[in-house]
Protein chains: 4
Amino acid sequence: MVRSEKTRQLIIEKTASIFNKKGYTGTYLSDLTNATGLTKGSIYGNFKDKNEVALEAFKFNYKFQTRQIIDKIEKEDNSVNKLITFLNHYKTSFKPIFKNGGCAILNTAVDTDDGNELLKKEVVKTIHNWHKKIVSILIEGVNKNELKEIDIDLFSYRMIAIIEGSILLAKTLNKPEILLNNIEHLETEIIQLKQK
Amino acid sequence: MVRSEKTRQLIIEKTASIFNKKGYTGTYLSDLTNATGLTKGSIYGNFKDKNEVALEAFKFNYKFQTRQIIDKIEKEDNSVNKLITFLNHYKTSFKPIFKNGGCAILNTAVDTDDGNELLKKEVVKTIHNWHKKIVSILIEGVNKNELKEIDIDLFSYRMIAIIEGSILLAKTLNKPEILLNNIEHLETEIIQLKQK
Amino acid sequence: MVRSEKTRQLIIEKTASIFNKKGYTGTYLSDLTNATGLTKGSIYGNFKDKNEVALEAFKFNYKFQTRQIIDKIEKEDNSVNKLITFLNHYKTSFKPIFKNGGCAILNTAVDTDDGNELLKKEVVKTIHNWHKKIVSILIEGVNKNELKEIDIDLFSYRMIAIIEGSILLAKTLNKPEILLNNIEHLETEIIQLKQK
Amino acid sequence: MVRSEKTRQLIIEKTASIFNKKGYTGTYLSDLTNATGLTKGSIYGNFKDKNEVALEAFKFNYKFQTRQIIDKIEKEDNSVNKLITFLNHYKTSFKPIFKNGGCAILNTAVDTDDGNELLKKEVVKTIHNWHKKIVSILIEGVNKNELKEIDIDLFSYRMIAIIEGSILLAKTLNKPEILLNNIEHLETEIIQLKQK
DNA sequence: GATGAATGAGACTTCATTCAT
DNA sequence: AATGAATGAAGTCTCATTCAT
């Protein structure tokens, strides 16, 4: 990694959770300099503007949540276990997720709903990728007769909706059990979809 | 209504959707004056500060969503129909809700997650009220043998989570069918809970 | 007193010490409404503008300090006793004077030194009157052979300077004894001027 | 001097007399930008807020009055000449002092009497230092038998009171001779204190 | 590549004053 | 006479961004 690339990474890593907590408009350049120990000039030497930092911070936050989970899923050899593994992630990792400000997709989708087209597009792309991943597991399950026939599109979007809605409620009301319970309910549904 | 109360109402009505779309930090005094045609001095003559306008705007947005639905529910005489009526609201009213900037609870919960304690408290209070309303219908249903025995707390939070998560997805991806489908799935679940 | 004149008096009485404490610029219309319980419109119904209230408040503050003292002086039949009586006033009344914000002449002279010509002129006029009063006592004393020959103009201005400077120091340092000591020194000087 | 320190100095030097003339509340940010040719942002880049500028401006105004005089005093080798030199300063320098808005201590003491604790404390500290300086000269004089025994505390506070009161009168009435005459009277008193 | 002083637009807020009621 | 809602100018301060060094 060249010198400047290192600084870019430093800025992204140190500011990602701030953007996730305070939002794009609510995060100030001064937050970025405070968090990094760098000067404004240095931020602008490494990024075009605040928006570019926000964009990279969002990508980082998303990866932060996804990287490990993808690895774990790939190790499983059947679709049901993959889905269970995926859901299990939210049960074991809700603490660091909450500490990081909650789900980056949820936060950024709401934050960019008005204006900030670039960031909004990235969020949409990210949701699509997430959805595609779940769909591909479900297709694999149905094709290999591990799962009963279901409406894959409907089921996958319902999964995502429950997860996001549960994170919102659990975080806002400070009741993690809402997330845990709803995830467990989803797991039960999946077990019932299993072909005997 | 006295003159001052009229102006307060005007300000709230004209700015509520702006706050819902742009968030608290993202809505500027200039947005308020532009939307109302009033001067800054007039805004401050009628409200303590921007925060108070935001608070009232949130309440207004919530009522905007709730008033009609409560009325409709009260007309139903059994718990199942009440729940169906409640869910039906989201199927018939998603267009004005989306036009208004989406679900005020969702938006404001995310927006106020950092800072703005007053507004955050109001959001939490509002979710609690919403939850209590659903719980009371479910209790009524179980007591009158209209519904099978279920874990009421779990079911009610799961309903709210699905609705919120679905609004987020449907609005962000511009796919209202996600909301419609997930609502229909909930309706199916409720029908299955019916005592024969 | 007609009705409006009563309200004018009320405004003046209730706000005089505020102007004395906070100065012309530092006293806000809201201070005036708070102190009087009246509305802004009512203040403007009784006075041309804030400046006119300030002017009357200054006159009131000055009278507040002067009325009693003049009365006491007039009762004395020789110049030395008149001067002693005059000086004695500051020893016995420094508490209410300080509570009222200090010497109105001192405060207003400093406050109006830049801008506010009307008020400044009133202060100058007031000092002149004060000075004239002292001069007239001194002339009477010399004419009646109660006092040695002195430079009356010099002595009178020195008296005023010591009093004002002492009030400033005593109030700022919160050491009333500075005022008391300096007044006593002046009294000693006057006793020494007595013709035997 | 680094660039930032230069700008700070520029702001202080260019605005000190404005603060002295118009007071803390009466001096606006626009006065500061007009006087310096800088932008508001630049003022705030160099100072925490207006209060900090006012504080430094006061210190500057005080030094403006004091620096030269201290130097002159130190060159004298006996206490009487030190006192005479000190008093002489007001006779020779009243013009620039008046042009600068008068005595900074007097003006700021009155201005900050209500509110602005930081600035008020600085004024009190400054008066204490001034008083201590005079006291130390008087003690030296008594110890070295240059001066008769006197109550040093009383005499020193009387000196300061006369000077401040005289500046107030001379400036307000536009009669510098009041200051000159009262200073000369003080000089006479000091000469009479001389040990023969 | 980094600095940080300076910018200038615009943020929130408060002021004295007016005027329809 | 009194009200108090509305004004509009001006207040203090902060923002993202630029640029000479």
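The values are calculated or read from the model by the stated rules, or taken from the named source; none is laboratory data. Note that the coordinates shown come from a computational prediction; the quantities given were computed from them, not determined experimentally. Every residue, glycine among them, receives a Cβ derived from its backbone with ideal geometry; neighbour counts consider all protein chains shown.
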Check your understanding: Going by the structure shown, is residue D:84 hydrophobic (A, V, I, L, M, F, W, C), at pLDDT below 95, away from DNA strand E (no atom under 14 Å from the Cβ) and surrounded by 15 or more Cβ atoms within 10 Å (Cβ to Cβ)?
Key -> no
Check your understanding: Given the conditions (1) more than 27 Å from residue C:116 (Cβ to Cβ); (2) hydrophobic (A, V, I, L, M, F, W, C); (3) within 14 Å of chain C (Cβ to nearest Cβ), and given that residue D:80 satisfies all but one, which numbered condition is not satisfied?
Key -> (3)
Check your understanding: Which condition breaks for residue D:104 when tested against (1) under 13 Å from the mean Cα position of the chain (by Cα); (2) within 9 Å of another protein chain (Cβ to nearest Cβ)?
Key -> (2)
Check your understanding: Is one or more of the residues making up the range C:59-66 out of contact with any Ser or Thr (no Cβ under 7 Å at 6 or more places or on another chain), hydroxyl-bearing (Ser, Thr, Tyr) and in a loop (DSSP other than H, G, I, E, B)?
Key -> no
**Study point:** Restricting the range B:22-75 to residues that are within 12 Å of DNA strand F (Cβ to nearest atom) and aromatic (Phe, Trp, Tyr), the residue that is nearest to residue A:28 (Cα to Cα)
**Key:** B:28
Review point. Within the set of pairs 6+ apart or on separate chains, which have a first residue in the range D:114-140 that is closer than 16 Å to residue D:87 by Cα and more than 12 Å from chain C (Cβ to nearest Cβ), a second that is in a loop (DSSP other than H, G, I, E, B) and modelled with pLDDT under 95, and C-beta atoms under 8 Å apart?
Key: D:138/D:150
Check your understanding: Out of the range D:161-196, which residues are of a type in the set (Ser, Thr, Tyr) and either at the interface with another protein chain (Cβ under 8 Å from one of its Cβ atoms) or not in a helix (DSSP H, G or I) (or both)?
Key -> D:166, D:172
**Study point:** Of all residues making up the range A:13-67, the number that are charged (D, E, K, R) and within 26 Å of residue A:93 (Cα to Cα)
**Key:** 8
Review point. So which residues in the range A:131-157 are out of contact with any helix residue (DSSP H, G or I) (no Cβ under 9 Å at 6 or more places or on another chain) and surrounded by 14 or more Cβ atoms within 10 Å (Cβ to Cβ)?
Key: A:136
Check your understanding: What tally of residues in the range A:10-38 results from selecting those that are assigned to a loop (DSSP other than H, G, I, E, B) and within 14 Å of another protein chain (Cβ to nearest Cβ)?
Key -> 2
Exercise for review: List every residue pair whose Cβ atoms sit under 7 Å apart, with the two residues 6 or more apart in sequence or on different chains, where the first one lies in the range A:22-41 and is of a type in the set (D, E, K, R) and the second, anywhere, is not in a helix (DSSP H, G or I).
Suggested key: A:22/B:114
Practice item. Tell me which residues, restricted to the range B:1-21, are of a type in the set (S, T, N, Q) and within 8 Å of DNA strand F (Cβ to nearest atom). Key: B:4, B:7
Exercise for review: Take residue B:164 and decide whether it is farther than 25 Å from residue A:180 by Cβ and acidic (Asp, Glu).
Suggested key: no
Point to revise | Residue among C:183, C:160, C:191, C:167 that alone is in contact with a Cys (Cβ under 8 Å, 6 or more places away or on another chain) and of a type in the set (A, V, I, L, M, F, W, C) | key: C:167
Check your understanding: Is the range D:53-63 home to any residue that is β-branched (Val, Ile, Thr), away from chain C (no Cβ under 14 Å), over 14 Å from residue D:108 (Cβ atoms) and crowded, with 20+ Cβ neighbours inside 10 Å?
Key -> no
Practice item. Enumerate the pairs (first residue in the range C:156-177 and at pLDDT 95 or above; second residue anywhere and charged (D, E, K, R) and not in a helix (DSSP H, G or I)) with beta-carbon separation below 9 Å, excluding pairs fewer than 6 apart on the same chain, so at least 6 apart or on different chains. Key: C:157/D:175; C:169/C:175; C:171/D:113; C:172/D:113
Check your understanding: Across the range A:44-66, what is the number of residues that are of a type in the set (A, V, I, L, M, F, W, C) and within 14 Å of DNA strand E (Cβ to nearest atom)?
Key -> 2
Point to revise | Yes/no for residue C:69 being of a type in the set (Val, Ile, Thr) and modelled with pLDDT of 95 or more | key: no
Exercise for review: Might you check whether a residue that is within 22 Å of residue C:107 (Cα to Cα) and either of a type in the set (S, T, N, Q) or at pLDDT 95 or above (or both) occurs anywhere in the range D:182-195?
Suggested key: yes
Check your understanding: Does residue D:81 meet the test of being without any contact (Cβ under 8 Å) to a residue 24 or more places away in the chain and within 23 Å of the chain's Cα centre (by Cα)?
Key -> yes
Check your understanding: Which residues, counting only those in the range C:3-43, are loosely packed, with under 15 Cβ neighbours inside 10 Å and near DNA strand E (Cβ under 9 Å from one of its atoms)?
Key -> C:28, C:29, C:30, C:39, C:40, C:41
Point to revise | residue A:44 without any contact (Cβ under 8 Å) to a residue 12 or more places away in the chain and in a helix (DSSP H, G or I) | key: yes
Exercise for review: Return a yes/no flag: does the range A:11-21 have any residue that is touching a residue at least 40 places away in the same chain (Cβ under 8 Å) and over 24 Å from the mean Cα position of the chain (by Cα).
Suggested key: no
Check your understanding: Are any residues in the range D:156-170 within 20 Å of residue C:154 (Cβ to Cβ) and over 15 Å from the mean Cα position of the chain (by Cα), and if so, which ones?
Key -> D:158, D:169, D:170
